[in-house]
Amino acid sequence: MVLKAVEDQNPRSTRTRRRRRSRKRSSRSGTFGHVLPSLLTTGNLAAGFFAIVKASTGEPLVASYAIFIAAVFDVLDGRAARLLGNESRFGAEYDSIADTVSFGVAPAVIAFHAGGLIELGWAGWVMAFVYTACGSLRLARFNVTTGRFRGRFDGLPSPAAAGMVVSTVWFYGFLQSNGIDLALPALVSAVGLMVLGLLMVSPIPYHSFKE
(Lines give C-alpha, C1' and ligand atoms only; values in the text may rest on other atoms or scores of the structure.)
Protein backbone atom coordinates (compact mmCIF):
# COMPACT_ATOMS: atom_id res chain seq x y z
CA MET A 1 0.00 0.00 0.00
CA VAL A 2 2.90 2.32 0.72
CA LEU A 3 4.36 1.58 -2.71
CA LYS A 4 0.97 2.26 -4.27
CA ALA A 5 0.81 5.60 -2.52
CA VAL A 6 4.30 6.52 -3.70
CA GLU A 7 3.42 5.67 -7.30
CA ASP A 8 0.27 7.78 -7.03
CA GLN A 9 2.35 10.69 -5.79
CA ASN A 10 4.91 10.27 -8.62
CA PRO A 11 2.97 9.57 -11.82
CA ARG A 12 5.90 10.71 -13.95
CA SER A 13 8.24 8.03 -12.53
CA THR A 14 5.51 5.42 -13.01
CA ARG A 15 5.12 6.32 -16.68
CA THR A 16 8.91 6.23 -17.10
CA ARG A 17 9.11 2.69 -15.68
CA ARG A 18 6.28 1.56 -17.95
CA ARG A 19 8.04 3.00 -21.00
CA ARG A 20 11.28 1.24 -20.03
CA ARG A 21 9.49 -2.11 -19.66
CA SER A 22 7.78 -1.56 -23.00
CA ARG A 23 11.09 -0.79 -24.70
CA LYS A 24 12.67 -3.91 -23.21
CA ARG A 25 9.80 -6.10 -24.46
CA SER A 26 9.93 -4.58 -27.95
CA SER A 27 13.73 -4.94 -28.01
CA ARG A 28 13.49 -8.64 -27.15
CA SER A 29 10.75 -9.28 -29.72
CA GLY A 30 12.66 -7.27 -32.31
CA THR A 31 15.81 -9.32 -31.75
CA PHE A 32 13.88 -12.57 -32.05
CA GLY A 33 12.13 -11.36 -35.18
CA HIS A 34 15.49 -10.48 -36.70
CA VAL A 35 17.10 -13.85 -35.92
CA LEU A 36 14.21 -16.24 -36.61
CA PRO A 37 14.24 -16.05 -40.46
CA SER A 38 18.01 -16.58 -40.51
CA LEU A 39 17.68 -19.58 -38.19
CA LEU A 40 15.10 -21.11 -40.51
CA THR A 41 17.36 -20.45 -43.50
CA THR A 42 20.19 -22.15 -41.61
CA GLY A 43 17.89 -25.15 -41.15
CA ASN A 44 17.39 -25.18 -44.92
CA LEU A 45 21.17 -25.11 -45.48
CA ALA A 46 21.78 -27.84 -42.89
CA ALA A 47 19.19 -30.12 -44.48
CA GLY A 48 20.78 -29.60 -47.90
CA PHE A 49 24.24 -30.41 -46.55
CA PHE A 50 22.87 -33.51 -44.83
CA ALA A 51 21.29 -34.61 -48.12
CA ILE A 52 24.67 -34.35 -49.88
CA VAL A 53 26.34 -36.43 -47.18
CA LYS A 54 23.67 -39.14 -47.28
CA ALA A 55 23.60 -39.29 -51.08
CA SER A 56 27.39 -39.64 -51.15
CA THR A 57 27.25 -42.55 -48.69
CA GLY A 58 24.70 -44.51 -50.74
CA GLU A 59 21.47 -43.45 -49.00
CA PRO A 60 19.55 -41.49 -51.66
CA LEU A 61 16.17 -42.13 -50.03
CA VAL A 62 17.26 -40.54 -46.76
CA ALA A 63 18.83 -37.72 -48.75
CA SER A 64 15.52 -37.11 -50.53
CA TYR A 65 13.76 -36.76 -47.18
CA ALA A 66 16.32 -34.12 -46.22
CA ILE A 67 15.55 -32.17 -49.41
CA PHE A 68 11.86 -32.20 -48.47
CA ILE A 69 12.72 -30.82 -45.01
CA ALA A 70 14.87 -28.14 -46.66
CA ALA A 71 11.88 -27.11 -48.79
CA VAL A 72 9.75 -26.77 -45.64
CA PHE A 73 12.37 -24.50 -44.06
CA ASP A 74 12.56 -22.51 -47.31
CA VAL A 75 8.83 -21.81 -47.14
CA LEU A 76 8.92 -20.94 -43.45
CA ASP A 77 11.83 -18.49 -43.56
CA GLY A 78 10.16 -16.33 -46.19
CA ARG A 79 6.83 -16.41 -44.40
CA ALA A 80 8.49 -15.52 -41.09
CA ALA A 81 10.37 -12.60 -42.64
CA ARG A 82 7.19 -11.18 -44.19
CA LEU A 83 5.05 -11.67 -41.07
CA LEU A 84 7.66 -10.09 -38.80
CA GLY A 85 8.40 -7.28 -41.26
CA ASN A 86 12.06 -8.28 -41.37
CA GLU A 87 12.70 -8.66 -45.10
CA SER A 88 16.24 -7.56 -45.88
CA ARG A 89 18.90 -7.79 -48.56
CA PHE A 90 21.02 -9.93 -46.25
CA GLY A 91 18.17 -12.38 -45.73
CA ALA A 92 17.54 -12.64 -49.47
CA GLU A 93 21.21 -13.32 -50.23
CA TYR A 94 21.54 -15.87 -47.42
CA ASP A 95 18.37 -17.60 -48.60
CA SER A 96 19.78 -17.84 -52.15
CA ILE A 97 23.01 -19.38 -50.87
CA ALA A 98 21.07 -21.97 -48.88
CA ASP A 99 18.81 -22.70 -51.87
CA THR A 100 21.84 -23.18 -54.11
CA VAL A 101 23.09 -25.93 -51.80
CA SER A 102 19.73 -27.56 -51.05
CA PHE A 103 18.07 -27.27 -54.47
CA GLY A 104 21.04 -26.82 -56.79
CA VAL A 105 23.86 -29.02 -55.53
CA ALA A 106 22.13 -31.67 -53.39
CA PRO A 107 19.60 -32.87 -56.03
CA ALA A 108 22.40 -33.19 -58.60
CA VAL A 109 24.44 -35.31 -56.16
CA ILE A 110 21.41 -37.46 -55.39
CA ALA A 111 20.68 -37.99 -59.08
CA PHE A 112 24.36 -38.69 -59.79
CA HIS A 113 24.49 -41.55 -57.27
CA ALA A 114 20.91 -42.85 -57.47
CA GLY A 115 20.73 -42.62 -61.26
CA GLY A 116 24.05 -44.33 -61.84
CA LEU A 117 25.55 -41.37 -63.69
CA ILE A 118 28.97 -42.55 -62.57
CA GLU A 119 28.67 -45.17 -65.33
CA LEU A 120 28.92 -42.38 -67.91
CA GLY A 121 32.36 -41.32 -66.74
CA TRP A 122 33.24 -37.65 -67.08
CA ALA A 123 30.04 -37.04 -69.10
CA GLY A 124 27.99 -38.10 -66.06
CA TRP A 125 29.36 -35.49 -63.69
CA VAL A 126 29.29 -32.82 -66.42
CA MET A 127 25.59 -33.47 -67.07
CA ALA A 128 24.89 -33.38 -63.32
CA PHE A 129 26.83 -30.13 -63.07
CA VAL A 130 24.64 -28.59 -65.78
CA TYR A 131 21.72 -28.94 -63.36
CA THR A 132 23.71 -27.27 -60.57
CA ALA A 133 24.87 -24.43 -62.82
CA CYS A 134 21.35 -23.81 -64.12
CA GLY A 135 19.96 -23.81 -60.59
CA SER A 136 22.55 -21.24 -59.50
CA LEU A 137 21.83 -19.05 -62.53
CA ARG A 138 18.11 -19.34 -61.85
CA LEU A 139 18.52 -18.09 -58.29
CA ALA A 140 20.85 -15.26 -59.36
CA ARG A 141 18.35 -14.14 -62.00
CA PHE A 142 15.55 -14.20 -59.43
CA ASN A 143 17.55 -11.84 -57.19
CA VAL A 144 18.09 -9.19 -59.85
CA THR A 145 14.89 -9.34 -61.94
CA THR A 146 11.24 -9.10 -61.00
CA GLY A 147 9.88 -11.30 -63.78
CA ARG A 148 7.84 -10.44 -66.85
CA PHE A 149 4.42 -11.41 -65.48
CA ARG A 150 2.77 -10.59 -62.18
CA GLY A 151 2.38 -13.64 -59.97
CA ARG A 152 4.65 -15.71 -62.21
CA PHE A 153 8.23 -16.97 -62.05
CA ASP A 154 10.47 -16.86 -65.11
CA GLY A 155 11.69 -20.43 -65.33
CA LEU A 156 11.01 -23.47 -63.18
CA PRO A 157 11.63 -22.63 -59.48
CA SER A 158 14.59 -24.51 -58.06
CA PRO A 159 12.58 -26.12 -55.21
CA ALA A 160 10.16 -27.52 -57.80
CA ALA A 161 13.04 -28.92 -59.86
CA ALA A 162 14.49 -30.50 -56.72
CA GLY A 163 11.03 -31.86 -55.97
CA MET A 164 11.04 -33.68 -59.31
CA VAL A 165 14.30 -35.40 -58.39
CA VAL A 166 12.99 -36.26 -54.92
CA SER A 167 9.67 -37.62 -56.22
CA THR A 168 11.54 -39.79 -58.72
CA VAL A 169 13.63 -41.30 -55.92
CA TRP A 170 10.47 -41.89 -53.87
CA PHE A 171 8.68 -43.50 -56.81
CA TYR A 172 11.63 -45.78 -57.51
CA GLY A 173 11.74 -46.75 -53.81
CA PHE A 174 8.01 -47.49 -53.91
CA LEU A 175 8.46 -49.79 -56.90
CA GLN A 176 11.34 -51.60 -55.23
CA SER A 177 9.34 -52.12 -52.04
CA ASN A 178 6.66 -53.80 -54.13
CA GLY A 179 9.10 -56.12 -55.87
CA ILE A 180 9.36 -54.15 -59.11
CA ASP A 181 12.93 -53.52 -60.19
CA LEU A 182 12.77 -50.79 -62.82
CA ALA A 183 16.33 -50.04 -63.89
CA LEU A 184 16.55 -47.01 -66.17
CA PRO A 185 19.68 -46.45 -68.25
CA ALA A 186 22.03 -43.91 -66.72
CA LEU A 187 21.80 -41.78 -69.85
CA VAL A 188 18.02 -41.39 -69.38
CA SER A 189 18.52 -40.15 -65.82
CA ALA A 190 21.25 -37.76 -66.94
CA VAL A 191 19.17 -36.32 -69.77
CA GLY A 192 16.17 -35.91 -67.48
CA LEU A 193 18.32 -34.05 -64.96
CA MET A 194 19.66 -31.75 -67.66
CA VAL A 195 16.12 -31.01 -68.90
CA LEU A 196 15.14 -29.94 -65.39
CA GLY A 197 18.17 -27.66 -65.28
CA LEU A 198 17.35 -26.06 -68.62
CA LEU A 199 13.75 -25.51 -67.55
CA MET A 200 15.04 -23.48 -64.60
CA VAL A 201 16.84 -21.01 -66.87
CA SER A 202 14.13 -21.00 -69.54
CA PRO A 203 11.79 -18.00 -70.04
CA ILE A 204 8.73 -20.21 -69.47
CA PRO A 205 6.47 -18.60 -66.81
CA TYR A 206 5.44 -20.70 -63.82
CA HIS A 207 2.78 -19.86 -61.27
CA SER A 208 3.98 -18.33 -58.02
CA PHE A 209 2.31 -19.58 -54.86
CA LYS A 210 3.59 -16.67 -52.77
CA GLU A 211 0.44 -14.64 -53.52
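Worth pointing out:
- Neighbourhood net charge (15 Å Cβ-Cβ; Lys/Arg +1, Asp/Glu -1) for G135: -2
- Projected label distance in nm at I204 and L184, using a 7 Å step from Cα toward the beta-carbon: 1.5 nm
- Rounded to whole Hz, the Karplus (6.51, -1.76, 1.60) HN-Hα couplings of region 184-192, x for glycine and proline: 7, x, 4, 5, 5, 4, 5, 5, x
- Among S88, S102, the sequence by solvent-accessible area, most first, with a 1.4 Å probe is S88, S102.
- Heavy-atom SASA rank of L36, L187 (probe 1.4 Å, accessible area, largest first): L187, L36
- Computed from the C-beta positions of V144 and T57, the FRET efficiency with R₀ = 35 Å rounds to 0.45.
- If the chain linking T42 and A133 were pulled fully straight, counting 0.36 nm for each residue of separation and taking away their Cα-Cα distance, it would gain 30.6 nm.
- Per-residue extension of 0.36 nm, minus the Cα-Cα distance of V75 and S88, leaves a gain of 3.1 nm for this segment.
- Among 133-139, 58-64, 91-97, sorting by the average number of other beta carbon atoms lying within 10 angstrom of each residue, highest first, gives 133-139, 58-64, 91-97.
- Taken per residue, the accessible surface of region 83-211 reaches 57 Å², heavy atoms only and a 1.4 Å probe.
- Radius, Kirkwood style, for region 56-98 when every pair of distinct Cα atoms is counted (Å): 11.8 Å
- Prolate/oblate/rounded label for region 105-211 (Cα gyration tensor, a/c 1.5): oblate
- The gain in end-to-end length when the R152 to F174 segment is fully stretched comes to 4.6 nm, 0.36 nm per residue minus the alpha carbon separation.
The values are calculated or read from the model by the stated rules, or taken from the named source; none is laboratory data. Predicted model, so just to flag it, every value in this text is computed and none were measured. Heads up, the Cβs are rebuilt from the backbone with ideal geometry, glycines too, and the neighbour counts pull from every protein chain shown. Just so you know, the surface numbers come from the protein's heavy atoms only, side chains and all, with ligands and any DNA or RNA stripped out. Shrake-Rupley method; radii C 1.70, N 1.55, O 1.52, S 1.80 Å.
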